[in-house]
Structure formats: C-alpha cells, structure tokens
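Participant: Before anything else, here's the structure in question.
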Amino acid sequence: MGKRAVSAIVLAGGGSTRMGKNKALLQLGEKTMIERIVDTLRPLFNEIILVTNHPEEYHFLKNIIYIKDEKILEERNSLIGIYSGLLAANNSYAFVVPCDMPFLNQGLIKYMIDKLEDEDVFIPFIEGHYQPLHAIYSKRCIEPIKKLLDQQKYKIINFFHEVSIKTIDEDTVKRFSKEFTCFLNVNTYQAYLDIQKHWDKLLIRGD
C-alpha cells in the first residue's frame with residue numbers, strides 16, 4: 001500500500017446526458033465498464049467507495065461501500081462526488097476516478113500510491129492540463145471543496161491554489177501508458193460503439 005493508506009473513490013453520479021443511458025453498465029467484452037474499473041482497483045485498495053444516488057443499479061458489485069451525494073445540486077458535477085467520497089473515506093487519502101474510464105493502468109495507479117508523500121493533491125499533468133479525475137486527494141481538500149460548492153462553482157481545479165499540489169509529468173506517465181489511453185473517457189454512445197468494436201484488440205495491445 002505504499003507509505004500511506006489510500007481509499008479508492010469511483011464517481012458514478014453523473015447524468016450521462018451525452019450517452020443517453022447509464023454508461024457504467026455498458027458491456028465491454030464479458031463485463032460491464034464499472035466491473036472492469038473495480039476489478040482494476042481492487043488489488044490496490046483496501047476500501048472502494050462508489051458514489052451514486054442509485055446504488056440499487058450496482059447490486060452485483062461485492063465488497064463496495066455505496067454512498068450518495070452529500071448535497072443534491074441542480075447541476076450535476078464531479079466535484080460533489082469527490083467531496084462526498086472524501087467525507088466517507090476511512091483513509092486520509094483517496095484516489096478518484098470516474099465510472100467511464102475503462103483503460104485504467106494498474107501500474108500507474110500503484111506508482112502514484114507508492115510516491116504519495118504529504119501533498120494534498122497528487123495529479124498527472126498532461127499536455128498542459130491537469131487530470132483531476134485520475135488523482136489522489138487528501139481529506140484536507142474537503143473544506144476548500146466545500147467553499148466552492150457553497151459558491152456554486154464546480155470546476156475541480158478552482159481550489160488547487162489553496163492546497164499543496166504535486167504533479168506527475170508526461171514522461172513518467174508514458175512509462176505506463178504510452179498514448180495516455182488510461183485517461184480515455186467514454187463520453188458518447190458512438191465512442192462506446194467504437195471501443196466495443198475494437199475491444200479485444202485494444203485490450204491485447206494495452207498502451
């Protein structure tokens with residue numbers, strides 16, 4: 001588990017408006033997308049938290065902690081999921097991912113856990129952008145996030161100036177995921193169809 005115990009938070013509370021259905025339950029090969037994500041995380045974490053307002057949809061997942069959003073907001077966003085997950089986590093740190101990132105790289109996640117020190121956010125910085133939904137957050141982020149939520153500001157990186165940040169550079173990420181496929185989100189039904197069509201080749205090829 002590295003120097004610090006870390007929980008995993010999977011965000012499954014989005015509206016899936018672009019997808020038109022619950023993307024976490026879409027099939028990729030013999031498993032649903034959410035099963036593939038949880039299977040990748042399970043060997044690395046002693047606690048996996050699924051943030052969803054509809055836990056009944058995920059009854060087939062075992063040894064998972066289900067929690068709902070702490071607040072019901074008019075605008076669905078990932079920030080409330082991170083906030084809710086951090087409040088519920090039994091560890092001081094949590095690795096956060098969404099439910100639509102099926103190519104998570106176990107080696108990269110383990111690297112992040114092993115290299116975690118005392119920063120509040122440990123996050124990849126790729127092609128000039130943070131990857132806030134593939135990052136480790138400290139519970140010290142709870143109050144800065146709450147302030148944003150109270151102000152109805154939902155962009156995740158807007159609280160970063162209030163906390164300590166450590167980044168992972170592109171070269172390091174490429175050691176695990178040469179084409180950054182580990183950050184690929186399945187946001188539209190067409191994107192899902194494209195991935196489903198080539199799933200076996202993508203799975204064999206890896207990144």
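Participant: Only residues that are modelled with pLDDT of 95 or more, open to solvent by 50 Å² or more (accessible area, probe 1.4 Å) and out of contact with any strand residue (DSSP E or B) (no Cβ under 8 Å at 6 or more places or on another chain): list them for segment 129-156, please.
Facilitator: Listed by number, the residues that qualify are His129, Arg140, Glu143, Lys146, Lys147, Lys155.
Participant: Okay, moving on. Filter the strands (runs of 3 or more DSSP E) completely within segment 106-207 down to those with at least 1 residues that are touching a Ser or Thr at 6+ places or on another chain (Cβ under 8 Å).
Facilitator: Here the list reads 121-126, 135-138.
Rundown of residues vs (1) more than 17 Å from Leu87 (Cβ to Cβ); (2) among the hydroxyl-bearing types (Ser, Thr, Tyr); (3) touching a residue at least 40 places away in the same chain (Cβ under 8 Å), yes/no style:
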| residue | (1), (2), (3) |
| --- | --- |
| Leu116 | yes, no, yes |
| Pro124 | yes, no, yes |
| Gly128 | yes, no, no |
| His134 | yes, no, yes |
| Glu143 | no, no, no |
| Lys153 | yes, no, no |
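Participant: When you go through Tyr130, Tyr83 one by one, which is the residue that is more than 25 Å from Thr188 (Cα to Cα) and not polar (S, T, N, Q)?
Facilitator: Result of the check over Tyr130, Tyr83: Tyr83.
Participant: Just the residues that are open to solvent by less than 70 Å² (accessible area, probe 1.4 Å) and more than 18 Å from the chain's Cα centre (by Cα), please, taken from segment 180-191.
Facilitator: Ala191
Participant: Please find, among Ser92, Ser78, Ser84, the residue that is crowded, with 21+ Cβ neighbours inside 10 Å, among the polar types (S, T, N, Q) and closer than 28 Å to Ser164 by Cα.
Facilitator: The conditions single out Ser84.
Participant: Turning to a different aspect of this structure: Inspect segment 16-26 for any residue being under 19 Å from Thr181 (Cβ atoms), of a type in the set (Val, Ile, Thr) and either touching a residue at least 24 places away in the same chain (Cβ under 8 Å) or open to solvent by 30 Å² or more (accessible area, probe 1.4 Å) (or both) and give the result as yes or no.
Facilitator: no
Participant: Name the single residue that is farthest from the chain's Cα centre (by Cα) among those in segment 58-67 being free of Cβ contacts under 8 Å to residues at least 40 places away in the same chain and surrounded by 15 or more Cβ atoms within 10 Å (Cβ to Cβ).
Facilitator: Per the criteria, the residue is Leu61.
Participant: While we're on this one: Taking segment 34-55 only, how many residues are closer than 20 Å to Lys68 by Cβ, assigned to a loop (DSSP other than H, G, I, E, B) and open to solvent by 20 Å² or more (accessible area, probe 1.4 Å)?
Facilitator: 2
The values are calculated or read from the model by the stated rules, or taken from the named source; none is laboratory data. Keep in mind that this is a model prediction, so the values were computed, not measured. Every residue, glycine as well, gets a Cβ built from its backbone with ideal geometry; the counts of neighbours run over all protein chains shown. We work out accessible area using only protein heavy atoms, side chains counted, and drop any ligands, DNA or RNA first. Shrake-Rupley method; radii C 1.70, N 1.55, O 1.52, S 1.80 Å.
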